[in-house]
Every structure is written in structure tokens, then in C-alpha cells.
1. Does at least one position in region 1-8 carry a residue that is surrounded by 23 or more Cβ atoms within 10 Å (Cβ to Cβ), part of a loop (DSSP other than H, G, I, E, B) and within 13 Å of ligand 2 (Cβ to nearest atom)?
2. Restricted to region 85-110, and to residues that are away from ligand 2 (no atom under 16 Å from the Cβ) and touching a residue at least 60 places away in the same chain (Cβ under 8 Å), which residue is farthest from the chain's Cα centre (by Cα)?
3. Spot the failing condition for residue 39; the list is (1) at pLDDT below 95; (2) in contact with a His (Cβ under 7 Å, 6 or more places away or on another chain), and only one is missed.
4. I'm trying to understand the selection: among the residues of region 6-36, which are in contact with a His (Cβ under 6 Å, 6 or more places away or on another chain) and of a type in the set (A, V, I, L, M)?
5. Within region 29-45, is there a residue that is more than 20 Å from residue 89 (Cα to Cα) and within 14 Å of ligand 2 (Cβ to nearest atom)?
6. Restricting to region 9-28, and then to whatever is touching a strand residue (DSSP E or B) at 6+ places or on another chain (Cβ under 9 Å) and polar (S, T, N, Q), can you tell me which residue is nearest to ligand 2 (Cβ to nearest atom)?
7. Do any strands (runs of 3 or more DSSP E) lying entirely in region 98-198 carry at least 1 residues that are touching a Leu at 6+ places or on another chain (Cβ under 6 Å), and which ones are they?
Amino acid sequence: MYKYETHMHTAETSACASASGKEQADRYKELGYDGIIITDHFLNGNCHEAIKKTADWAEKIDLFMAGYEAAKEEGDKIGLKVFFGFEYCYEGADILTYGLDRQWLLTHPEIEGLDFFSFSRLAHSSGAALIHAHPFREAGYLREIRLVPQWIDGVEVFNCGNADDAYNDRADRFADWYGFVKTGGTDNHHLWVNRFSGIYMERPLESINDYVNAIKQKTIGGVIYPDDYIRKDGILYYEA
Ligand SMILES: [Zn+2]
Ligand SMILES: [Zn+2]
């Protein structure tokens, strides 16, 4: 089995992250992962102000992709696959977006002004896959739970950034109700994180498109759960 992180941030791009792209790549190599997908907060989320302020679209994309590029450069040196994605923000619903690359972003400056539904339509028509990250998270910065099942391809059923594993339990049930493919992610922002998730694959991912296909064809091998998260008899048990 091959291990991949599907949800993580870098200090170069996300305002809330402290781990650099290089540090993130080194850490996951040490942990025995085969690859990572950098999913920094998109232009409508918590990316650095400098990225939001830049009027030049090409420069904006350059700045936005800086964390990914740093991780990719290190990954190439140490033998860790590094893929690109981003976390689109729809008023509290965080949507992990996979399969759109630099070239796509450069040729679609209109996405900055699109509402989520138009974005989802355009992303899907361009071959992307959308995963609803931590759909049942409760936190001070979130006013409501916003579900958009018609507009996504799968559900992140385990997220290490949730303060209570009950939020993960509910996400798992949500995925079951709709028959969604399930993913896991650490939502890693910092080097001090010590609880990890992600997904297993039976075959290695050679590109982000391999992951997009795994989502669409439901061939993800399974979710990586931290050791302290115990599932029994279809009921989720969790310890604080
Ligand atoms: Zn963040
Ligand atoms: Zn995130």
C-alpha cells in the first residue's frame, strides 16, 4: 500500500500555516508517506494578503503556488511525490480541489469572481475532482454547517484538524448516506502536528490526475486513521 497526504498547507502561501513547503516535504518523507498534495487556502480563503492584493494575475498565481513549488523542489530531491491542489472556500464550506494546474489557473482569471456553483461547474468541466473537507467541523470561525452534496465528488471523513472526532463521525455517516467516496486528511499547517491522516492506494499515484481518477472511479484503497481513532462494528468510537 502507498500512503498519501491529501490536505496540507504551507507557510509560503497560507496565512495560518507555519511549516514551509520544504519542511512539510521532509516531514512526510520521514513519516514514510509516498506523496503529498499541497492544498493551500485559495484566493477566496486564508492565503497571504500579498497574494490577494496583487492585481497582476500571473504574479498572483506565482505567489499562490510558491508553497507548492518549494515542496515540489524538495520532494524531487528526496524522493517524495508532491502534487498540487487547493482548498476553495465557500463561506465556511471548504472544498479541496484536485486536477487544476498552473496553466489552467493562468488561463482562467475569471474564477476569482465566480460563485461556488459556477466554480464547481467550470472545475468539473475541466476534469477536476472536488472533496468536501471536514463538512461537520464546528469552530469559532464557522457559523453554520453548509452541505453541498450536488456539487462535490467525495467527502473527507477524517480530518485531524477537527477539535472533536464526533465531527469526523458525522462526516463518515454523511458520506455513507450519499454513497460518496471517502478520503482522509491531516489538514496539516505546522511541524508540531503529531496526528496524521491521508489515504492508502494499492498502486502508486504518478500524477494528480491519477488521484482525480481514483476519486471518480472510487478506487481509493482506504483512509489512514490515527492510532487513537478506533472503529468497531460499524460504530465509531473515539477517545479524547
Ligand atoms: Zn488554514
Ligand atoms: Zn485545510
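1. Looking through region 1-8, at least one residue is surrounded by 23 or more Cβ atoms within 10 Å (Cβ to Cβ), part of a loop (DSSP other than H, G, I, E, B) and within 13 Å of ligand 2 (Cβ to nearest atom).
2. 101
3. (1)
4. The answer is 15, 17, 19.
5. Looking for residues that are more than 20 Å from residue 89 (Cα to Cα) and within 14 Å of ligand 2 (Cβ to nearest atom), one finds at least one in region 29-45, hence yes.
6. Going through the qualifying residues, I end up with 14.
7. Because the criterion is at least 1 residues that are touching a Leu at 6+ places or on another chain (Cβ under 6 Å), the strands (runs of 3 or more DSSP E) in region 98-198 that meet it are 129-133.
Residue-by-condition table, conditions (1) buried (at least 20 other Cβ atoms within 10 Å of the Cβ); (2) among the hydroxyl-bearing types (Ser, Thr, Tyr); (3) outside any helix (DSSP H, G or I); (4) at negative phi:
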site: 32; (1), (2), (3), (4): no, no, yes, no
site: 36; (1), (2), (3), (4): yes, no, yes, yes
site: 59; (1), (2), (3), (4): no, no, no, yes
site: 67; (1), (2), (3), (4): yes, no, no, yes
site: 86; (1), (2), (3), (4): yes, no, yes, yes
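The values are calculated or read from the model by the stated rules, or taken from the named source; none is laboratory data. What you see is a predicted model; the values in this text were computed from it and never measured. For neighbour counting, all protein chains shown are included, and Cβ atoms are generated from backbone atoms with ideal geometry for every residue, glycine included.
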